[in-house]
Amino acid sequence: HQHYLGELVTEVKELCAEKIDLDGGLGKCGRLMDRMGWNYLRDLASATKDWSPSLVQSLLSEVLKDRHRQVDVRISPHLPDQIVCDGKILSESIAMTLSLMSGKLRLSIGHQGSSEVLNQLVITAGPATDMTDADLAPVAELAIEVGGDVSLGPHKECVLVFPFLVQGGVGTFKDFALAANLAMPKAVQAKTTTPMTILLLEKNAVYRHNISTIAWASGHSLRLVDTVQKGMRALSEGASQFGCAIIDIDMRDIGTLISALRKEKVYLIETTENDKAIQRSKGAPTDRVVLAKPLSKADLEEQLEMASKDVIEKKKVEEEIVKRREILGKVRNSPWTRGKKLGHGAFADVYEATSTLTGGKMAVKMIKFDSRSGEDKIKLLINEIEILAQL
């Protein structure tokens, strides 16, 4: 056993000494890795040993705590829930970049793959109309410590690129690193909540800050709007992007947005300072959620958890619809003529049929559906089709 274990350790150490296989056409990422000397897996393990798991939303919550009202943050839904990175330098770099800008800002966060182990976080901040490369020099000097890069984009926006490890990448890399006796980042704990994008309309800056902090700490993204019109515009861009909406119902003409959100079946959390509105809500339908301001952290976290479950259920329904379309779409297109009845079951009749193309005989099951056909009947049919398709 010791002999085989020794061979295994030797093989893994050789893998650690292999070059990191980058995808083609990465350009800037490849140059950064060369500059940092991250050409081998063991080099990467050594350089990232102090990195730790972070939620991007939590990092942003601290960075933007004094500027929630001025910054519109959009986080890609495809961004991993947790990333392993140097959170301190990442936060400081974003904060320094935003300090160079004024007025209303847009902050977009996404990522792109670099290798099986390494990914890049791409942060775009703008507009940076009067900014120059010299202004960004201090940020670039800080970012380069961890292989980051800062530059001005073609549309006068700041682009920050930082390397990070994802949970799957860490798992793959961990096998190599442990066998080679190399330090690894701290274990990544699985999140229990489902990340979603929240549409937040709140006129009070203090309440907006508190809600944003709780939402980000729970792992969610925010789309901040300050008027009903902007809320309607955000909804028109695609209601499916929002798992939840937190709406200040004390604003004028808010009924239009509330109706639109209910029509799109977005999980709705209404907030108010009006005691009468709170009293009226107690006699409202059970699916209506109205919270009194200032919001209780526990109440809001509970509702966000409910919204997360709603997102999961909606996803299951969508997957079931796709599955049904796929199954029911597998029809026999050959023309045929119906013959004598062979038998019948609970909700279908079986007939003898003859193909008009080949003359061959076959059995055809004819199922009748009407307005009284329930969900259980459809599920039974889907189940039967799946069984027959495997024969």
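See the values below:
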| item | result |
| --- | --- |
| Every residue from segment 227-253 that is closer than 20 Å to Ala292 by Cβ, among the aliphatic types (A, V, I, L, M) and surrounded by fewer than 20 Cβ atoms within 10 Å (Cβ to Cβ) | Ile249, Met251 |
| Conditions (1) under 23 Å from the mean Cα position of the chain (by Cα); (2) touching a residue at least 24 places away in the same chain (Cβ under 8 Å): number failed by Thr271 | (1) |
| Looking only at segment 81-113, and only at residues there that are part of a loop (DSSP other than H, G, I, E, B) and over 17 Å from Ala215 (Cα atoms), the one that is most open to solvent (accessible area, probe 1.4 Å) | Lys104 |
| Counted residues, segment 359-378 - those being at pLDDT below 85 and part of a loop (DSSP other than H, G, I, E, B) | 7 |
| Extreme residue, least open to solvent (accessible area, probe 1.4 Å), among residues of segment 254-282 that are in a loop (DSSP other than H, G, I, E, B) and farther than 23 Å from His209 by Cα | Glu264 |
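The values are calculated or read from the model by the stated rules, or taken from the named source; none is laboratory data. Just so it is clear, the model here is predicted, and its values are computed rather than measured. Neighbour counts are summed over all protein chains in view; Cβ atoms, including those assigned to glycine, are modelled from backbone coordinates with ideal geometry. Quick note on the areas: whole protein, heavy atoms, side chains included, nothing else; ligands and nucleic acids left out. Shrake-Rupley method; radii C 1.70, N 1.55, O 1.52, S 1.80 Å.
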